[in-house]
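Rule-based calculations on the coordinates, nothing more; no lab input. The structure displayed is predicted, hence computed values, not measured ones. Note that we place each Cβ from the backbone using ideal geometry, even for glycine, and neighbour counts take in every protein chain shown.
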Amino acid sequence: MSGGREDSRRYGALPPQREALEAEAEVLRHWDEYDIFRRSIDERSEENIFVFYEGPPTANGRPGVHHAMSRTIKDLVCRYRTMKGERVVRKAGWDTHGLPVEIEVEKALGLDGKDQIEEYGVGEFNKQCYRSVFKYLDEWHDFTHKLGFWLDLDDPYVTCKNEYIESVWWILKQFWDQDMLYEGHKIIPYCARCGTSLSSHEVSQGYKDVTDPSIFIKLKLTDEDAYFLVWTTTPWTLISNVALAVGPEHDYVRVGHRGETLILAGELLGVLDGEYEVLGKVKGRELVGKTYEPCFPWFKDEEGGFRVISAGFVTLTDGTGIVHIAPAFGEDDYIAGMEQGLPFVQPVDTEGKFTPEVTKWAGRFIKDADPEIIEDLRERGILYHAAKYEHSYPFCWRCDSPLIYYARRSWYIRTTAFKDMLIEANSKVHWYPPEVGENRFARWLEGNVDWALSRERYWGTPLNIWTCDSCEEKYCIGDLTELKSISEQFPEEYDLHKPFIDNLDVGCPECGGKMTRVPEVIDCWFDSGAMPFAQHHYPMENMDIFKQQYPAEFISEGVDQSRGWFYSLLVIGAFLTKQSPYKRCLPHGMILDREGRKMSKSKGNAVFASDVLKSDGADSLRWYLMISGAPYLPKRFDLEAMRDNANKFLGTLRNLYSFFAMYAEIDGFEPTGRVMSDNLIDRWILSRYNSTVHDVTAALDEYEITRAARAIQTFVIDELSNWYLRRCRRRFWKNEMSGDKLAAYETFYTVLEGVTRLAAPFVPFLTEAVWQRLRGEAGKSGSVHLELFPASDRAMIDEELEKNMAGVLKVVTTGRAVRNNAAIKIRTPLARMLVHGKYHDVTEWTKDGELAGLVLDELNVKVIETIDDTGELIRMSVKPEYSVLGKRFGKNMKAAAAVLEGLGVESVVELVEKGQITVEIEGKKESISLEEVKVESETAEGFESESEGDLTVILDTKLTDELRREGSARDLVNRIQNFRKESGFEVSDRIELAWRATDEIRQVFEEYHDHICSETLVEDLHEGEQDWENSTSFELDGFQIDLWVKLA
RNA sequence: GGGCCUAUAGCUCAGUUGGUUAGAGCGCACGCCUGAUAAGCGUGAGGUCGCUAGUUCAACUCUAGCUAGGCCCA
């Protein structure tokens, strides 16, 4: 072991729990010094590869506990596969582009909007973006390191590097060559503040419930003294209104209302205030073609507008059934406008302000103008009714401005063209749990729309399409060689971002004219989705590495990445290789705060991973995240709960080692690896160990991490510590190294060493610290993480024994309850214990002397007896076994139950003795066998009893003087041990003891002389006062006792 | 508004094909143990299994609806 551990002992001490952080630091130093991470990869065969992809985080914010979640899962799986003998390369990655970065830099520089950025200078701005991305990189490195996430941070892929961009370009060109990249106009969610369109997955992050205006306006028909009643929640779009849409099959009515004639859908008359009279009924299609007077003057002369059109999307759930159409500001509107030849007006600029055409509100931000627009409509008598409307509306996920739907020029990937292939590729992916992939993700793919790829921003991979200024031909340039061949004076040093790329002089390969690149950059999700290829600079180099590392066996990120990374990986990978780039995907749930609320920066309830690591260490955090609930469920994070949970397990593991080390050191035990014990409890723990290894392996192979963690925890705490070690302590206390003691050491060592390997992927630090100390010299340059995962040895599993021991444990638990009820402490021996159970499982073990011995010892009773006939001690009754009788009696079950539960004592005895009995149920004679009922036993007389299921334990609680004296002897031993410790003696020190007490106690000392002396390592026992330094006095069973002690 | 998931003890979570004492840990109360000891263990009290209807002899479990939360999509 490296670091500061100076310990000459064979089994060195673990740092105490309160120094767990220092212990983890020591392990980290060891890993560094002996290059363990590198070796864990290099020492594995290239023939046996497990491929893992790291989803690149954006290092422009502090890592939170949710990052610890995915990083723990990733690390756990990778360590596990490594220990299974596989070679797991783990390349780190950083996602560097995108709007979030730009926003942060804008804020830092005090810039507001694109004009100011361009004024500031795009080159310098992008430099600042680059710097900003790596602002938190130190904390990310530190967090990754301290969490124990083994990841190759020295050779990461970085999406803004020239090589990475070049690979992305190559991929884009593949799309281009197959006509999968096109330029179009679409109505897109647009953030006027950021001056950019947002992808659907960006939009989805920003829905909020807001209150918007809800207004009804009256639009006068040109050839009739009547008004269409129209509803909208976006008054500002009314300025761009060019048509009204009705559902052709819907029923509309003319109504007389407040002296006017209004037209609206018959089903929606409820929107009217007060009395109305239905004047006539008409189908929607009969209204088509009617014209009306525009509500605003600026576009009243547009040709082909201001008429009623028919549209399928008109519903009768809201509004009036008459929908206002503004083609530039809604997707349905735009499509309808194209189909029906409506005019297209877009009097809103890219900053979301009205253009000069709208004289009254020119330069005003559209949403801000809403109140004035409403007021204007009111003044002119067009407004029918104005109210508030609460609904869910999208906001920009970064800058929080309301989005508008806006017609923009945009580049798309034609994902709809290969939608079926995406669905097919996804169907072969194993999702954990399956429904996330089969239901949610697959369904979402069904509704696939083309991927809006371009972004009108600065800090991103430039879209590699050039247009010739002369011949107008468009070219997609797929790599640097090609670009260099057609550009003049391509410099040695370059950065492919804007503005460099736009300043190049690029000549048209056709006509030699000057070419200009399209201004856009691309969606950063395309960058991260390209990582299987671009991380290796494929296909310009590393073809062989790519081939070896594609596709991934396993990826894991938060469920919120379904539409993000999981999608972009799939689109790019499947398009290029016709298969999904990942075979297994384990999405994990969001981390909520202790109140169950989402963690967010704005709420201030986010917990930062580094803070938790600093206060509690990695193992605690990792163990808590893995053991508390299935990974895909949302999880509440509570520091207190984490501490309780983790200390329980980690503390027990630590104590198990400390115990072992203490005695193994004294006895100079050195493991031989030969575990040949015929001691029953040794065989039991080895059986349970191998069963646990089997269960954990099965769970991890199915990626059921929580199930695996719980199996380990149950084994370590309940079985190894609370039962095996508890029962075996005395075997280690013996003075000489007997065969049995050696067997205990070998067994305990074997299991403990195995447990460190079993738990190593979960809690890599403590397991490492324990493993190293167990291995001693041999482990000094090694690591538990270089070892193989334990294999379950079937020959060691004894199911019969496990079953019997389960019976023993049940009896012990019940016996303890009896003592508790009777208020007789364990130190007081009891004469006998009677056990009764219907099933053999529960009592079978009593035939085995060794098993019975465990119970005698644990409960401190002299004799154990099974009783078939509870006789006069117990009264019996029966209850039906519903699972059996329910099928037999069906409807008559209730009657049958009543009959059986009402059986008299004699009948029950008859049933138990003969195995069956005839009773009358609903007038029919029925034969009931013992297998069809449950026999219950109650009550004890003069004894104390407790029943647990079909098991009954009875203790004879009568105390004799003899038993009392034995109890006192045990008390004395206990007091003397405490006294030894207070006096500062070592566990193995031999002592002289003197005592002074009454005759009653003298009798105990005489009768149990040998026992007391051997238990407490007394060489000489004296009666009477001494002048030794160490003395104590206390009261026992009402008698005063004085003790003196000194080293022998 | 739609899809998927979740709802069980004060808290965090288990609960196998419907079967009659619904489990664990933490916390709480009481106690035990004390040569793993600034540890350890046990017992107990706590639950109309989110609500409502339905299927069934029997529902925490199946079905439908509702409510609340989460994720995703509009």
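For segment A:154-201, a crude dipole built from +1 on the beta carbon of Lys and Arg and -1 on the beta carbon of Asp and Glu, taken about the Cα centre, is about 400 debye to the nearest 20.
The translational diffusion coefficient of segment A:482-579, from Stokes-Einstein at 4 °C and 1.567 mPa s with a Kirkwood hydrodynamic radius over alpha carbon pairs, comes to 80 µm²/s. Dividing the helix sum by the residues of chain A, where each DSSP H run of 4 or more adds -39500 (n - 2.57), gives a mean residue ellipticity at 222 nm of -11500 deg cm²/dmol.
Between residue A:934 and A:879, A:881, the built amide H atoms are under 5 Å apart, and every one of these is 5 or more places off in sequence or on another chain. Net charge in the neighbourhood of residue A:667 (other residues with Cβ under 10 Å of its Cβ; Lys, Arg +1, Asp, Glu -1) is -1. Residue exposure proxy: A:427, A:1031, ordered by other Cβ atoms within 10 angstrom of their Cβ from fewest to most, comes out as A:427, A:1031. Compute the long axis of helix A:65-83 from its Cα atoms, compare it with the longest principal axis of the Cα atoms of chain A, and write down the angle in degrees, 0 to 90, nearest 10. So the helix axis and the longest Cα principal axis differ by about 60 degrees. The lysines whose alpha-carbon is closer than 21 Å to the alpha-carbon of residue A:474, local same-chain residues fewer than 8 away aside, are A:173, A:186, A:484, A:498, A:514.
Cβ crowding within 10 Å, taken as a proxy for footprinting-reagent exposure, orders A:97, A:250, A:185 from fewest neighbours to most as A:185, A:250, A:97. Taking amide H positions as modeled 1.01 Å from N, with prolines and chain starts lacking one, no residue 5 or more places away or on another chain lies under 5 Å from residue A:762. The phi torsions of segment A:356-372, fed into the Karplus equation with coefficients 6.51, -1.76 and 1.60 and a -60° offset, translate into couplings of x, 3, 7, 3, 5, 10, 3, x, 7, 5, 3, 5, 5, 7, 3, x, 6 Hz, rounded to whole numbers, with Gly and Pro shown as x. Compared with the dominant Cα axis of chain A, that is its longest principal axis, helix A:905-914 is turned about 90°. Taking amide hydrogens as placed 1.01 Å from N in the peptide plane, the amide H of residue A:60 sits under 5 Å from that of no residue at least 5 positions away in sequence or on another chain. Shown is the FRET efficiency for residue A:780 and residue A:495, computed with R0 = 45 Å from the Cβ-Cβ distance and rounded to the nearest 0.05: 0.40.
When the C-alpha to C-alpha distance is required to be over 19 Å, the pairs from A:741/A:862; A:127/A:161; A:107/A:127; A:84/A:648; A:862/A:958; A:208/A:360 that qualify are A:741/A:862; A:84/A:648; A:208/A:360. Per-residue Cβ neighbour counts within 10 Å put A:557, A:850, A:986, A:166 in the sequence A:986, A:850, A:166, A:557, beginning with the fewest.
Placing +1 on the Cβ of every Lys and Arg and -1 on the Cβ of every Asp and Glu, with no other charges, gives segment A:893-1048 a dipole of roughly 320 debye about its Cα centre. When +1 charges are put on Lys and Arg Cβ atoms and -1 charges on Asp and Glu Cβ atoms, the dipole computed for chain A relative to its Cα centre reaches about 1000 debye. Between the listed residues A:60, A:122, A:76, the Cα displaced farthest toward the positive end of the dipole of segment A:26-148, a dipole computed from Cβ unit charges relative to the Cα centre, is found at A:76.
Computed from Cα atoms, the angle from the helix A:739-759 axis to the main principal axis of chain A rounds to 10 degrees. You can think of it this way: the chain between residue A:222 and residue A:285 has 20.9 nm of extra reach, that is 0.36 nm per residue less the Cα-Cα gap.
Taking every Cα-Cα distance in chain A and sorting them into 10 Å bins from zero, the calculated P(r) comes out as 2, 8, 13, 15, 14, 13, 11, 9, 8, 5, 2, 1, 0 percent. When the Cα atoms of segment A:640-738 are aligned to their principal axes, the ranges along those axes come out at 46, 33, 21 Å in descending order. Between residue A:678 and residue A:503, the simple label model (points 7 Å from Cα in the Cβ direction) yields a spacing of 8.9 nm. I'd like to know which of A:383, A:14, A:133 lies farthest towards the positive end of the charge dipole of chain A, counting +1 on Cβ of Lys and Arg and -1 on Cβ of Asp and Glu. Going by the charge dipole, the pick is A:383. Phi angles across segment A:676-692 convert, under the Karplus curve 6.51 cos²θ - 1.76 cosθ + 1.60 with θ = phi - 60°, into 3J(HN,Hα) values of 10, 7, 9, 5, 4, 6, 5, 4, 5, 5, 5, 5, 5, 4, 5, 5, 5 Hz, Gly and Pro given as x. Going toward the positive end of the dipole of chain A, with +1 on Lys and Arg Cβ and -1 on Asp and Glu Cβ, which of A:823, A:723, A:222 do you reach last? About the Cα centre, the residue reaching furthest to the positive side is A:222. Converting phi to 3J(HN,Hα) with the Karplus coefficients 6.51, -1.76 and 1.60 and the offset θ = phi - 60°, segment A:765-775 yields 7, 4, 4, 5, 4, 6, 4, 4, 6, 5, 6 Hz in sequence order, with x at every glycine or proline.
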